[in-house]
Every structure is written in structure tokens, then in C-alpha cells.
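J.: Handing you this structure, nothing more for now.
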Amino acid sequence: MAHTLTYELNHGSGPVARLRRAVTDYRRYRQTVAELGALSNRELNDLGISRFAIRQVAHESVYGI
């Protein structure tokens, strides 16, 4: 019984699982913003990303929207 409950909390579609996914996605978003923000303007330019677009690129990368 405990294994089933733990599995559902970690992999299910209930509110706890959705919250965990949301937190994980937000952390990935913030990490992506931080890593892109640490690049120089020249490095960003080489990637075709303006400093202004960092948040948009990070959002698309994590959330796919």
C-alpha cells in the first residue's frame, strides 16, 4: 500500500504530482535564465539570442510554449 501511495505522489496526476512538476519546471526555468544571463553579449549573439529575449527563450525551453 505504501509503495502505491508513494508512486502516485511521485508519478500520478493528482495535485501533489502537479505541484512537484510545477516546482521542478520553475527551477529549470530559473536555472536556464541564470545560465543564459551569465553569458557575455558576444556569446549570446553567437547563439542568436538577445539579452532582452533570455526569459522568453528560457520559458519556451522549459514549458514548450
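The values are calculated or read from the model by the stated rules, or taken from the named source; none is laboratory data. Please read these numbers as outputs of a predicted model, since none were measured by experiment. Every residue, glycine as well, gets a Cβ built from its backbone with ideal geometry; the counts of neighbours run over all protein chains shown.
J.: Can you pull out the residues in region 11-40 that are among the aliphatic types (A, V, I, L, M) and part of a loop (DSSP other than H, G, I, E, B)?
T.: Going residue by residue through region 11-40, those that are among the aliphatic types (A, V, I, L, M) are 16-17, 19, 22-23, 33-34, 36, 38-39.
ALA38, LEU39, listed by residue number.
J.: Also, I was wondering about something else. Restricting to region 21-45, name every residue that is surrounded by 11 or more Cβ atoms within 10 Å (Cβ to Cβ), among the hydrophobic types (A, V, I, L, M, F, W, C) and over 11 Å from the mean Cα position of the chain (by Cα).
T.: Correct list: ALA34, LEU36, LEU39, LEU44.
J.: Mind telling me which of the residues GLU8, GLU43 ends up being of a type in the set (Asp, Glu), part of a helix (DSSP H, G or I) and modelled with pLDDT under 95? Lay out the reasoning, then the answer.
T.: Values: GLU43 fails: modelled with pLDDT under 95.
Matching residue, one of GLU8, GLU43: GLU8.
J.: While we're here: Being among the charged types (D, E, K, R) and touching a helix residue (DSSP H, G or I) at 6+ places or on another chain (Cβ under 9 Å) is the filter here, so list the residues in region 44-65 that pass it.
T.: Kept after step one, since they are among the charged types (D, E, K, R), are these residues of region 44-65: 46, 51, 55, 60.
Within region 44-65, ARG51, ARG55 meet the criteria.
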